[in-house]
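These notes concern the structure reproduced below.
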Amino acid sequence: MNLAQQKRLSFAALMTGPILWWILVLLVPYVIMLMISFYSKQFPFHVPDFQFGNYLKIFDDPQYFQVLLRSLKISVLVSLVTFALAYPLTYYLVFKVRSHRVRMIIYVATIIPLWVSYLLRAYTWKTILGTEGILNSFLMWIGIIDEPISLFLYNQFAMVVTMAYIFTPYMVMPLFASLEKIPRNLIEASKDLGVGRMGTFLRVTLPLSVPGILAGFTFTFCLSFGDFISPQLVGGPYSNMISNVVATQFGIAMNWPLGSALSMIMLFIVVAIITMSDRFERAGRLDLN
């Protein structure tokens, strides 16, 4: 056995474990779910079949299609809000904070909420936005309102605020990594050529941070699109998202074929978002080069 064959054999042995893990943990469950999505529902069971009725029902029944559109809208809004919060903060950390130690302390403080329970963070905003919460108490204290109001909770506004707070660290991390990689000599060269701060930002900093922006948007969109806890806690009865419907189909409704069809549509949307993000990132990289 020559050296080339030994290398190929070693590489195959090294990749066997990850490939088996990918097949057993990811591929097999998705294949099973795809198969069940074509089954027929015969209460209280589902029987093997091959028909597209479950998928057609999703688009024929207005309630499912509206929930799907609502989930997409809220996920986009959450991504935009997290970007609006994370980019100025990350830009300030990378370019304005001179001390590396202070920069890392603020950065770690920003991502520390990821180490706290998701439920605790969601309940925190339920407490803040509630009728007896901090926001109502503050508005009453400054005299804007005379009594607590319930407009801040159990609506889509509360969902966007809560999920934006929860998922902001996922936008900060790729932005921080992307902005830190920008060569400072490019920014200095832009200034030496007489370009102002805004021009330098629009022509140098922003284009070079596009990979981080795309990664952050992908993280926050996919995570918020699959969230079902925040809608239950702060969304109210008319703010269900597609994940809540999937959980209901697999639980109370006992309609696994329809739940599997909804899950496959969610998977398709998430994969499409990831694919588009990757293509945009590659196209941007080629343009910059």
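The values are calculated or read from the model by the stated rules, or taken from the named source; none is laboratory data. Source: prediction; values computed, not measured. Positions of Cβ are backbone-derived with ideal geometry, glycine not excepted, and every protein chain shown enters the neighbour counts.
Some points to look at:
- The single residue among Thr131, Thr110 that is of a type in the set (S, T, N, Q), over 21 Å from Ser71 (Cα atoms) and touching a residue at least 60 places away in the same chain (Cβ under 8 Å) turns out to be Thr110.
- Of all residues in region 183-214, those being over 25 Å from the mean Cα position of the chain (by Cα) and either surrounded by 13 or more Cβ atoms within 10 Å (Cβ to Cβ) or of a type in the set (Ser, Thr, Tyr) (or both) number 11.
- In the set Thr168, Thr127, only one residue is among the polar types (S, T, N, Q) and at pLDDT 90 or above; that residue is Thr168.
- Of the residues making up region 174-216, those that are over 26 Å from Val108 (Cβ atoms) and in contact (Cβ under 8 Å) with a residue 40 or more places away in the chain number 1.
- Among residues of region 1-27 that are free of Cβ contacts under 8 Å to residues at least 12 places away in the same chain and among the hydrophobic types (A, V, I, L, M, F, W, C), those with a beta-carbon under 8 Å from a residue that is in a helix (DSSP H, G or I) and surrounded by 10 or more Cβ atoms within 10 Å (Cβ to Cβ) at least six positions away or on a different chain give the pairs Met1/Leu9.
- Qualifying residue in region 139-153 (condition: crowded, with 20+ Cβ neighbours inside 10 Å, more than 18 Å from Thr82 (Cα to Cα) and not basic (Lys, Arg)): yes
- Selection of region 84-132 for residues being farther than 17 Å from Tyr170 by Cα, in a helix (DSSP H, G or I) and either among the basic types (Lys, Arg) or in contact with a strand residue (DSSP E or B) (Cβ under 6 Å, 6 or more places away or on another chain) (or both) yields Arg101, Arg103, Lys126.
- Restricting region 36-51 to residues that are surrounded by fewer than 19 Cβ atoms within 10 Å (Cβ to Cβ), assigned to a loop (DSSP other than H, G, I, E, B) and not aromatic (Phe, Trp, Tyr), the residue that is modelled with the lowest pLDDT is Pro44.
- Top-ranked residue in region 176-231 [being aromatic (Phe, Trp, Tyr) and part of a helix (DSSP H, G or I); ranked as modelled with the lowest pLDDT]: Phe201
- Boolean, Ile166 is more than 22 Å from Trp115 (Cα to Cα), touching a residue at least 60 places away in the same chain (Cβ under 8 Å) and either crowded, with 18+ Cβ neighbours inside 10 Å or not β-branched (Val, Ile, Thr) (or both): no
- Of all residues in region 88-107, those satisfying the criterion of being touching a residue at least 60 places away in the same chain (Cβ under 8 Å) and closer than 18 Å to Leu202 by Cβ are Thr90, Tyr91, Val94, Phe95.
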